[in-house]
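Please read the structure below before turning to the comments.
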């Protein structure tokens, strides 16, 4: 298995992963429930010259036997409002009047967003490897803390994050979906060693 930065050729597989990861939120982001139509919009986001949460520059992919089987996105949590402008414009072009999207990450952290692995390749360590690569990128950029959201119904995903050292720091509701906000921190801010529990803001 190879974990690497995403490239344009990965866009179709990445779009399928985003569709799986976002679940009920996919129609809101894309305007479509059908996988083919939603995938077309997601590929446009991925390949856009305008930086956004789904940009190739923010993504890592897992490759097995030459096939892209998983992807994960990561970026500074505080940059989310700017990264969401393209998607927000797309949503409002359909007649909505939304000023900003829900702020997902813990402020000041490196935010791990929208990770999914092809069901046929789950259980092979791709999810853990993608998380590690995303965390290492955050540490390389000087972030000592990372955060993420997980759908409360996705018990296996939540268990994976807990095994990787994440702990619950709060709850969130986005549309019809309830999420658990999780986080962890590094004592040194360098690399993955010493990751422990994050302290929520205001605690």
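The values are calculated or read from the model by the stated rules, or taken from the named source; none is laboratory data. This is a predicted model, so every value here is computed, not measured. Here the Cβ positions follow ideal geometry from the backbone for every residue, glycine too, while neighbour counts run over all protein chains shown.
Condition (residue is over 17 Å from the mean Cα position of the chain (by Cα), surrounded by 15 or more Cβ atoms within 10 Å (Cβ to Cβ) and closer than 25 Å to residue 120 by Cα) applied to segment 58-72: is it met by at least one residue? Yes; the residues of segment 58-72 include at least one that is over 17 Å from the mean Cα position of the chain (by Cα), surrounded by 15 or more Cβ atoms within 10 Å (Cβ to Cβ) and closer than 25 Å to residue 120 by Cα. Note on segment 6-52: residues that are touching a strand residue (DSSP E or B) at 6+ places or on another chain (Cβ under 6 Å) and not in a helix (DSSP H, G or I) total 1. Yes or no: segment 133-144 includes at least one residue that is touching a strand residue (DSSP E or B) at 6+ places or on another chain (Cβ under 8 Å), under 27 Å from residue 63 (Cα atoms), at pLDDT below 90 and surrounded by 17 or more Cβ atoms within 10 Å (Cβ to Cβ). No.
Kindly establish whether residue 102 is touching a helix residue (DSSP H, G or I) at 6+ places or on another chain (Cβ under 6 Å), touching a residue at least 12 places away in the same chain (Cβ under 8 Å) and surrounded by 13 or more Cβ atoms within 10 Å (Cβ to Cβ). When the stated conditions are applied, residue 102 does not pass them. Might you check whether a residue that is within 18 Å of residue 24 (Cα to Cα) and in a strand (DSSP E or B) occurs anywhere in segment 131-146? Taking every residue of segment 131-146 in turn, none turns out to be within 18 Å of residue 24 (Cα to Cα) and in a strand (DSSP E or B). Restricting segment 165-179 to residues that are outside any strand (DSSP E or B) and more than 16 Å from the chain's Cα centre (by Cα) leaves a set whose member that is modelled with the highest pLDDT is 165. Do the conditions hold for residue 62, that is, is it part of a helix (DSSP H, G or I) and at pLDDT 95 or above? No, not satisfied.
Consider residue 119 carefully, then state whether it is modelled with pLDDT of 90 or more and farther than 26 Å from residue 156 by Cβ. The answer is no for residue 119.
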